[in-house]
Amino acid sequence: MKLVVGYLATPGGADALALGIRLARSLGAQLEICLILPPGKLPALGGAPASYDQLVAEQADQWLADAVAQVPPGVVARGHRLFSDSFAQGLIDEVVRLQADALVVGGAGGGLVGSFSLGSVVNELLYSAPVPVAVAPRGIRESKVATVREVTCAVGERAGADLLLQTAVRFCAAAGTPLRLASLVALDPVFGSLRGDGEAIREHALNHARLTLESAKNELPEGFPITATVADASSVEEAVGRLEWHDGDLIMVGSSRLSAPHRLFLGSTAAKMLRVLDVPMIVVPRDQLSEEDLL
């Protein structure tokens, strides 16, 4: 298994590296640490023979060497320095070239509030990547947790839910971690538009969620360490906040049904979760990627 880490010598890059190391330790995966640089054609400084690109490349190589040196023994890691007009597209190209299983990026940037502050690059990846994208919350680099403690899978009935559950089960089986199925019931205007009193609407939503969870549990191997929970509130943010979280946990969510085939598209529910969560989130494409899609 290979994980591509989108790296920069920044706090966000350090968060991505820390999450990549945690995932690699949990899954027995190899890390491919990638630093993408914009191509430049500036003249040499002071008549020096080295071009601007060469100077930047040398600095990038040092940053990569420092990053690889932070990877603990037992985890295989390699550094890759590339030039590309687009940081996001450069990472996607490396994912394809290396036939990686997932992409890890840091959430620190500009945009959403909370532990995830998504910059334009991460936003672009969450709307176009062909493989699961793991987003590290700000400050995970300070955590002392070495491996994943528990995986929470946000289940639903939309297209792609089966693949999301299968991905979560495979992850937990490989990492030896328990799985928690979670259904978030937000009594938002979608439910509020139904006729009837508020309590009846709430029970309708909760019963639907429980049936979904029981159906998902029936698809799992016998004896698989799994729990299921339903969190209901007036909003998605409040519902996910009612779940208990620990350092070392992560959540998996599915890509929106609006996504193009074999590509991610961060849906509104997942985006709302990002505003309040301080655990890593893995966004999974809604359909399986075939070898032909990588060519």
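Listed values, structure above:
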read-out	value
Matching residues in the range 216-228 - criterion: being at pLDDT 75 or above and out of contact with any Ser or Thr (no Cβ under 9 Å at 6 or more places or on another chain)	LYS217, ASN218, LEU220, PRO221, GLU222, GLY223, PHE224, ILE226, THR227
When residues of the range 176-195 are limited to those that are in contact with a helix residue (DSSP H, G or I) (Cβ under 8 Å, 6 or more places away or on another chain) and either modelled with pLDDT under 75 or of a type in the set (Asp, Glu) (or both), the one nearest to ASP232 (Cα to Cα)	ALA186
Filter result for ALA209 (within 17 Å of ALA154 (Cα to Cα) and at pLDDT below 75)	yes
Close pairs from the range 4-22: first surrounded by fewer than 24 Cβ atoms within 10 Å (Cβ to Cβ), partner part of a helix (DSSP H, G or I) and not hydroxyl-bearing (Ser, Thr, Tyr), Cβ under 7 Å, at least 6 apart	ALA9/TRP63; ALA14/ARG141; ALA18/ILE140; ALA18/ARG141
Some residue of the range 233-254 being surrounded by 14 or more Cβ atoms within 10 Å (Cβ to Cβ) and at pLDDT below 70	no
Hits in the range 203-232 (condition: over 23 Å from THR177 (Cβ atoms) and not in a helix (DSSP H, G or I))	ASP232
Hits in the range 91-112 - residues which are assigned to a loop (DSSP other than H, G, I, E, B), in contact (Cβ under 8 Å) with a residue 40 or more places away in the chain and farther than 20 Å from GLY28 by Cα	GLY107, ALA108, GLY109, LEU112
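The values are calculated or read from the model by the stated rules, or taken from the named source; none is laboratory data. Here the structure is a predicted model, which is why all the values come from computation and not from measurement. All Cβ positions, glycine included, derive from the backbone under ideal geometry; neighbour counts span all protein chains shown.
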